[in-house]
Amino acid sequence: PETGCLSVIVLGASGDLAKKKTFPALFNLYRQGFLQSNEVHIFGYARTKISDEELRNRIKGYLDKNAANEPSEDVLKFLQLIKYVSGSYDNEEGFKLLDKAISEHEESKKSAEGSSRRLFYLALPPSVYPPVCRMIKKCCMNKSDMGGWTRVVIEKPFGKDLESSEKLSTQIGELFEEPQIYRIDHYLGKELVQNMLVLRFANRFFLPLWNRDNIANVQIVFREDFGTEGRGGYFDEYGIIRDIIQNHLLQVLCLVAMEKPVSLKPEHIRDEKVKVLQSVLPINDEEVVLGQYDGYKDDPTVPDNSNTPTFATVVLRIHNERWEGVPFILKAGKALNSRKAEIRVQFKDVPGDIFRCQKQGRNEFVIRLQPSEAMYMKLTVKKPGLDMNVVQSELDLSYKQRYQGVPIPEAYERLILDTIRGDQQHFVRRDELKAAWEIFTPLLHRIDNGETKPISYQPGSRGPAQADELLEKAGYVQTHGY
Ligand code: BG6
């Protein structure tokens, strides 16, 4: 790994994302020794005029449970690494000050094998990405005489449709090369999402079965048991497809469906993901159910006539040799009956079934991404006892039990470490992003134009009943243990 001076610059330092995700992730990396005090400095940058100490006080309570009242020694040491610079996002003055602060830090560490590694984390709304990137490029690039690099980390929403996303990509692409741009999709940092390739390509069990001959359907499901609380204004502009499905669930789909990459090199993996996306057929309106929970429009920041879906089930069809005819059902919803994200792979019925005396459940392989990471296989076994009855049971790998005491890193922690290490495997490449927008843009435009409207559903329910009907039509067979 590279050594020398590292500056992490969090832009939008007093915002929600920075407080809740970025700083705590940096703290955890620090606590585990991935960020060394003698190398790293963290800079917060935002418009608000506050002191270093005020920023430290604002984020302290998010670092760990007791940090607000009784900060540990680790917390105190970490906070000392943070400096604050205030300035606007579109003029040079603030960025020159920022550059000065970073350069001073680099000068002070020069003796420690001075390289100039600068990681800019944009915890900001995408509307300011272009001016901020321009300012970074103009005022804050790494000092090349010291070696090192400059990287920028950005997070969705990357535009609202194909056209706006491409425009944003072009604006940023004129300033930075693709290897300098890290587009975060935090689902790619989740333990069981990262496990997907290992599972598929390191297990003989799955290799021959993972195709249209054996798999009946695949569901990728995201549920939340709370609404858009406090984020109604943002959410209403985007909706559940742009917020969850077009990015998080589609990324998961790529890992479930892609062919084996040539190697684990980021480019090889991303090449395969792009191919999957490019093979997805246009979405058929008959295979879409949209919903909006009752009470969504009570939020004063949501317009009374909002058409924005807070729930969607969309069937995607992949036109290739492996998946022709297998529905990939993506489902996401807010204000539902539970909080869960999982992948469900349902296998076809057993041909020539000799146990027909009792209705069989199908084999199903479930990967629960959260909460309580687990993988389990639903399979049919003989019901213990004197009679020859069969029963659906489970082979269960629950991470809490199997890996007791092994902490599972937070997605952001892992992804930030990757950005420092220069590993882009778990980040979205520009062509991937474009292909993802190509899939959803026509449907999104139809929704935006009011051509398809969401069905209302009760908060705390499973979502509109039509979504279950669609699931059944797509061939999913509900199985029950008995
Ligand atoms: C974010 C969405 O990307 O992911 C939120 O904007 C959503 O609406 C969140 O709540 C879910 O993330 P996680 O990791 O809690 O499943």
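Below is a table of values for the structure above.
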{"item": "The range 136-287: C-alpha gyration tensor shape, a/c 1.5 cut-off, then a/b vs b/c", "result": "oblate"}
{"item": "Cα-based convex hull, the range 215-358, per residue volume (Å³, whole number)", "result": "167 Å³"}
{"item": "Mean residue ellipticity (222 nm) of the chain, computed from DSSP H runs ≥ 4 via -39,500 (n - 2.57), nearest 500", "result": "-9500 deg cm²/dmol"}
{"item": "Percent RCO, i.e. relative contact order, over the range 302-453, from Cα pairs under 8 Å lying at least 6 residues apart", "result": "15 percent"}
{"item": "The range 328-399-the range 196-247 distance, computed between alpha-carbon centres (Å)", "result": "17 Å"}
{"item": "Dimensions in Å of the range 152-216 - Rg and Dmax from alpha carbons", "result": "17.5, 47"}
{"item": "Cα-only radius of gyration and Dmax that characterise the range 381-450, units Å", "result": "23.0, 63"}
{"item": "Helix 52-63 vs. the chain, principal-axis angle (Cα, 0 to 90°, nearest 10)", "result": "20 degrees"}
{"item": "Prolate/oblate/rounded label for the range 336-471 (Cα gyration tensor, a/c 1.5)", "result": "oblate"}
{"item": "Relative contact order (%) - criterion: Cα under 8 Å, at least six apart; region: the range 97-236", "result": "19 percent"}
{"item": "Accessible area in the full protein assembly, largest first, 1.4 Å probe, for 81, 281, 386", "result": "386, 281, 81"}
{"item": "Whole-number D in µm²/s for the chain (Stokes-Einstein; Kirkwood sum over Cα pairs; 37 °C, 0.692 mPa s)", "result": "135 µm²/s"}
{"item": "Inter-part distance where the range 423-453 and the range 102-173 are each reduced to a Cα centre, Å", "result": "24 Å"}
{"item": "Average Cα contact separation per residue, the chain, under 8 Å, 6 or more apart, as relative contact order %", "result": "17 percent"}
{"item": "Efficiency of FRET from Cβ geometry, residue 338 and residue 469, R₀ 30 Å, rounded to 0.05", "result": "0.90"}
{"item": "Computed accessible area, residue 319, all protein chains, 1.4 angstrom probe, square angstrom", "result": "110 Å²"}
{"item": "Prolate/oblate/rounded label for the range 26-111 (Cα gyration tensor, a/c 1.5)", "result": "oblate"}
{"item": "Principal-axis tilt of helix 129-139 within the chain, Cα atoms, nearest 10 degrees", "result": "30 degrees"}
{"item": "Listed residue (463, 475, 388) projecting farthest to the positive dipole end of the chain, Cβ model", "result": "388"}
{"item": "Accessible-area value, residue 237, 1.4 Å probe, nucleic acids and ligands omitted, Å²", "result": "100 Å²"}
{"item": "Separation in nanometres of the label points that stand 7 Å from Cα toward Cβ, at residue 213 and residue 107", "result": "6.9 nm"}
{"item": "Stretch gain in nm, segment residue 350-residue 320, where the contour uses 0.36 nm per residue and the Cα spacing is subtracted", "result": "8.4 nm"}
{"item": "Solvent exposure of the range 357-482 as accessible area per residue, Å², 1.4 Å probe", "result": "54 Å²"}
{"item": "Accessible area in square angstrom per residue, the range 115-227, 1.4 angstrom probe", "result": "38 Å²"}
{"item": "Fraction of accessible area attributable to carbon and sulfur, the chain (%, probe 1.4 Å)", "result": "50 percent"}
{"item": "Surface accessible to a 1.4 Å probe, residue 388 within the full protein complex, Å²", "result": "120 Å²"}
{"item": "Qualifying aspartates and glutamates (Cα of each under 12 Å from Cα of residue 348; at least 8 residues distant if same chain)", "result": "213, 364"}
{"item": "Where the Cα pairs of the range 91-161 fall when distances are cut into 5 Å bins, in %", "result": "3, 16, 24, 22, 15, 10, 5, 2, 1, 0"}
{"item": "Tilt relative to the chain, helix 430-448 - C-alpha long axis, 0 to 90 degrees, to 10", "result": "70 degrees"}
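The values are calculated or read from the model by the stated rules, or taken from the named source; none is laboratory data. Quick caveat: nothing in here was measured; it's all calculated off a predicted structure. Note: ideal-geometry Cβ built from the backbone for every residue, glycine included; neighbour counts use all protein chains shown. Just so you know, the surface numbers come from the protein's heavy atoms only, side chains and all, with ligands and any DNA or RNA stripped out. Shrake-Rupley method; radii C 1.70, N 1.55, O 1.52, S 1.80 Å.
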